[in-house]
Amino acid sequence: MKIKLNKGQTALDINIPDDKVFDIIIGKDVPGMGHARIKQIISKGIKTHTPQGITHKKIAVIIPDNTRLWARGDIFVPQIIKTLLDRGVSTDNIKIIIALGTHDDMDKDQFYQLAGAFCVQRVEILNSANKNKDRLVHIGKTYKKTDLYITKEAVEADHIIIFGGILHHMLAGFGGGRKYILPGIAGYDSIQQNHSLAMRKNGLAHPMVRQAKLWGNPINEDLNDAADLFLKNKTCTYVSIAANGTGDIFHAQVGPLHQTFMDGCKKLDHACSIFVPQKGDFALISAGGHLVDEQLYQSTKALFNAVNIVKEGGKILFVAGCSQGVGNQTFSSVLNTFKDDPEKLGGKLAVKFNMPSYVAFRLIDILKRFNVTLVSDFSKSQTKALGFNHTCTIDKYIKNLKGKGYIIPFAENILPVLDVS
């Protein structure tokens, strides 16, 4: 059979014998929605869930950064703003805040990708505060003792509108919803406190911190508490979307934060959590192309999903363009330094946590347990320095595969699960 695995703006064409493939996993047949229909849902939802006296309220619209370009904020954020303007809200009362978490600030010329020309030309757009203590306000502690610092402009708002996608997440169970508050618009130290719940004091990863797990997941429990603390004296509307197994948006809903988030999680699980009867000897996976694979740091989400259905020691061909490089200097440095000693790294994380090092910790564990070959824009020497195997000839790689395996063309969107029933 012939398959395509997207790599940046291009694709790898792969020929593989049919008898080597258990299945091509692309999720359930849930059709995407057209942009016009999504806009209608957004407009109607914003009108329905606009609080009384909105024209006199300060509004903060929280949106994703450039690691969530698939959410098409350039198309849908303008629809939110236009609907508010139609309701009589002045642009002076609206601020758009980019939920960076601990990511680098977005340059102004990138705002068009995130919020569209309409918003850039009419509304003030700000990066969240991150490490800028002059723009952080302490609003209290969560039950798990996370000191919650939030971006000042969001704290000053009366009404919060969150726009963003729901997807499976290696820490929070699901990304989206409450996660746009913490880590989204929270201060760096608050984020590290929350994320440190992913590690146990013995230097091992917490077993309940994983994709699709909410209840019993200490990260998620802390995020919910942080959201409630932030929203205590505010109103909030969540504009949620989700993508199917091929990256097309199939779900859009507007409503109260927690209920809308949970509804989206159920929809996502139905479309993208795929049960398979047995593990494969290998997997051929792509992160999904340029909207999700510009950085290695972000692309690893595809790998964290795919390993669920590969036998220990099995082969994984991991296709990710990485046109912008590794994407995080700490992540890169830790991969190089600790790729042969994850136990030492785990001990360090248990004492002093940071997210890029944790992602590296989880990735190093995968690289130790599986034979992972990265196909990207990195050179052979760069690929090997990061701990991956390298191949110059895809045809030869495919020819040498033993046994049977799976193909996952959009692995960031798909969570394959071994059916143990």
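Data overview
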| item | result |
| --- | --- |
| Calculated Rg and Dmax of segment 157-203 using C-alpha coordinates, Å | 12.6, 43 |
| Sulfur and carbon atoms: percent of accessible area, the chain [1.4 Å] | 48 |
| Kirkwood hydrodynamic radius of segment 90-172, from inverse mean 1/r over distinct Cα pairs, in Å | 14.6 |
| Distant-in-sequence amide H partners of LEU136 (H built 1.01 Å from N, under 5 Å) | LYS152 |
| Positive-end residue, segment 256-396 charge dipole about Cα centroid, Cβ charges, pick of MET262, PRO277, GLN298 | PRO277 |
| Accessible area of the chain divided out per residue, in Å², using a probe of 1.4 angstrom | 42 |
| Per-residue ³J(HN,Hα) for segment 396-408, Karplus 6.51 cos²θ - 1.76 cosθ + 1.60, θ = phi - 60°, Hz, x for Gly and Pro | 5, 4, 5, 4, 8, 5, 9, x, 10, x, 10, 10, 10 |
| Loop-located trypsin sites (Lys or Arg not before Pro) in segment 227-290, at most 11 other Cβ atoms within 10 Å (DSSP) | LYS232 |
| Stokes-Einstein D in µm²/s, Kirkwood radius over Cα pairs - the chain at 4 °C with 1.567 mPa s viscosity | 59 |
| Kirkwood Rh (inverse of mean 1/r, distinct Cα pairs), segment 344-414, angstrom | 14.6 |
| Spin-label model distance (nm) - GLU124 vs LYS144, 7 Å beyond Cα toward Cβ | 3.3 |
| With 5 Å bins from 0: P(r) over segment 256-305, alpha-carbon pairs, percent | 4, 15, 16, 18, 20, 17, 7, 2, 0 |
| Label-point separation, ASP419 to LYS47 (7 Å along Cα→Cβ), nm | 4.4 |
| Flagged links, alpha-carbon separation over 30 Å, of LYS58/LYS131; LYS267/LYS348; LYS234/LYS266; LYS234/LYS348 | LYS267/LYS348; LYS234/LYS348 |
| Residue of VAL351, VAL375, VAL254 that the Gaussian network model of the chain assigns the largest fluctuation, springs spanning Cα pairs under 10 Å | VAL351 |
| Extended-chain gain in nm, criterion 0.36 nm per residue less alpha-carbon gap, HIS56 and ASP107 | 15.3 nm |
| Chymotrypsin sites (Phe, Trp or Tyr not before Pro), loop per DSSP, at most 16 other Cβ atoms within 10 Å - longest free stretch of the chain | 216-421 |
| Difference of contour (0.36 nm per residue) and Cα-Cα distance, LYS368 to LYS234 | 43.5 nm |
| Assigned charges on the beta-carbon of Lys, Arg, Asp, Glu; the chain dipole about Cα centre (debye) | 480 |
| For segment 120-253, average projected area of the Cα convex hull in nm² | 9.7 |
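The values are calculated or read from the model by the stated rules, or taken from the named source; none is laboratory data. Note that the structure is a prediction, hence the values are computed from the model and not measured. Backbone-built Cβ (ideal geometry, glycine too); neighbour counts: all protein chains shown. Protein only, heavy atoms only, side chains kept; ligands, DNA and RNA dropped before computing areas. Shrake-Rupley method; radii C 1.70, N 1.55, O 1.52, S 1.80 Å.
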